[in-house]
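Heads up, the thing below is written out as structure tokens.
Read-outs throughout are calculated quantities, based only on the coordinates presented, and are distinct from any laboratory measurement. The structure displayed is predicted, hence computed values, not measured ones. FYI the Cβ positions are ideal-geometry reconstructions off the backbone, even for glycines, and counts take in every protein chain you see.
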């Protein structure tokens, strides 16, 4: 754990720039300092719980830390999840940044809502600061507006897309970045396997443009994905059961907004068109937020 002074300004709930785990860091600082023999009037109610957790994990044997407050199973589970630095923790953090509730996150991840609540309160306290976009992106997510993320930085990528695009697109990014099947809701909402392929390719392209600066390898990957999307779109248009509107509003159907890569193609030319009314030349557009 990073060493922090007792009077560090980042250990206060009134500091808008406090680190997400500031409650736990505050408890650790007090515990490491030798301790206080009595509770102060301005101490928050939760501080005694965290001090009890700290002493149970790193016992000092001092009488001043013989706190009678029991450590709940939910708090201990939240601490272990925080220390795991696993994809499970990264997903939980990203879902919190996506503004999902405890119940929604618990249902998606198979956790107890109480564990989610304890994790957010003490180890990833961000909900009351989600409106501070600069703080979230630069200080919490670690987004570099000039270089993006390393391709291996799944934690940063998931947090970024969770915060900027919401829970549905986050679930797509998590699935695609780990080469897993797409979420059940995507499979149900897609009207054909072609749409699912296009959704996966679009998500891959969205992830790719957020990873470091361009190089020849990445440019080739982007070109391959772009050609793949064009081919999938042609297949969709060739299917008489799919209208042009269905193709151009694919992102809206999945509630993915501007982050989805959409491609526009000209409508079939009408017979005997007037020369002055001919549409502009065919073009493709890739729009990624």
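A few points about this structure:
- Burial ordering of 82, 28, 139, fewest other beta-carbon atoms within 10 Å first: 139, 82, 28
- Cα→Cβ-extended label distance, 7 Å offset, between residue 57 and residue 107, nm: 3.1
- The stretch 173-195-the stretch 123-142 distance, computed between alpha-carbon centres (Å): 28
- By the beta-carbon count within 10 Å of each Cβ, the least crowded to most crowded order of 211, 203, 69, fewest first, is 69, 211, 203.
- Per-residue Cβ neighbour counts within 10 Å put 58, 122, 149, 135 in the sequence 58, 135, 149, 122, beginning with the fewest.
- Full extension of the chain between residue 151 and residue 234 yields a length gain of 26.9 nm, computed as 0.36 nm times the residue separation minus the alpha carbon distance.
- Spin-label model distance (nm) - residue 76 vs residue 175, 7 Å beyond Cα toward Cβ: 3.7
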